[in-house]
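Here the structure comes first, spelled out in structure tokens, and everything after it is commentary.
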Amino acid sequence: MIRNGGDGRNAQVLHADVVAIVTGGSSGTGREVARALTSWGWAIVIVYLEHQRAAEATVDEFLAAGGNVVAVRADPADDLDVRRLFAETTAAFAGVDVVVHTASGSASLLYEQAARHVRARGAIVSVSAADRVTPGVARQMHERGISVGRAPPGDVLPFLERWRRHTIA
């Protein structure tokens, strides 16, 4: 995990009203989504797989702008990595409210863990139309009131804005 600054906050759980995991959050659509969510005051967990320097630069940029952010190296297609992602996010921010999947590849393991770990009335959105939620995972999400959606890159923020107005307001 790339920690969120060197000011001593690392030893404690950080507080945030909304915590979002953003896969692919250090480049492209993921970075733009993460930047916008940071401007909303949300705590962000940037998920990267190969580009640690880009993730570090993104964390530094968001911290300099007053954001609350960490980066975690994880492969969304690896069960142990996804489990560790949720464990590290919970350790850093005491929970997860939103998952935004902008990275390439399947989100099935991400959805499976999100169904267990995203707080009730949370949200999950993916930019890939190919991502499917299995019936059992869909049932878990429905029972917990978790909103699930697919959106093209330009519609991710409007989806989350609607969720935010409906859920948080």
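Results, tabulated for the structure shown:
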{"item": "Out of 65, 57, 71, 36, sole residue that is out of contact with any Pro (no Cβ under 6 Å at 6 or more places or on another chain), small (Gly, Ala, Ser) and buried (at least 24 other Cβ atoms within 10 Å of the Cβ)", "result": "71"}
{"item": "Members of the stretch 102-128 that are part of a loop (DSSP other than H, G, I, E, B), of a type in the set (Gly, Ala, Ser) and surrounded by 19 or more Cβ atoms within 10 Å (Cβ to Cβ)", "result": "103, 107"}
{"item": "Enumeration of residues in the stretch 82-101 that are of a type in the set (Gly, Ala, Ser) and either in contact with a Leu (Cβ under 7 Å, 6 or more places away or on another chain) or buried (at least 16 other Cβ atoms within 10 Å of the Cβ) (or both)", "result": "92, 95"}
{"item": "Looking only at the stretch 129-140, and only at residues there that are under 15 Å from residue 109 (Cα atoms) and outside any helix (DSSP H, G or I), the one that is modelled with the lowest pLDDT", "result": "130"}
{"item": "Counted residues, the stretch 141-156 - those being surrounded by fewer than 18 Cβ atoms within 10 Å (Cβ to Cβ), touching a helix residue (DSSP H, G or I) at 6+ places or on another chain (Cβ under 8 Å) and not in a loop (DSSP other than H, G, I, E, B)", "result": "2"}
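The values are calculated or read from the model by the stated rules, or taken from the named source; none is laboratory data. Note that the structure is a prediction, hence the values are computed from the model and not measured. Reconstructed Cβ throughout: ideal geometry from the backbone, glycine too, with neighbour counts over all protein chains shown.
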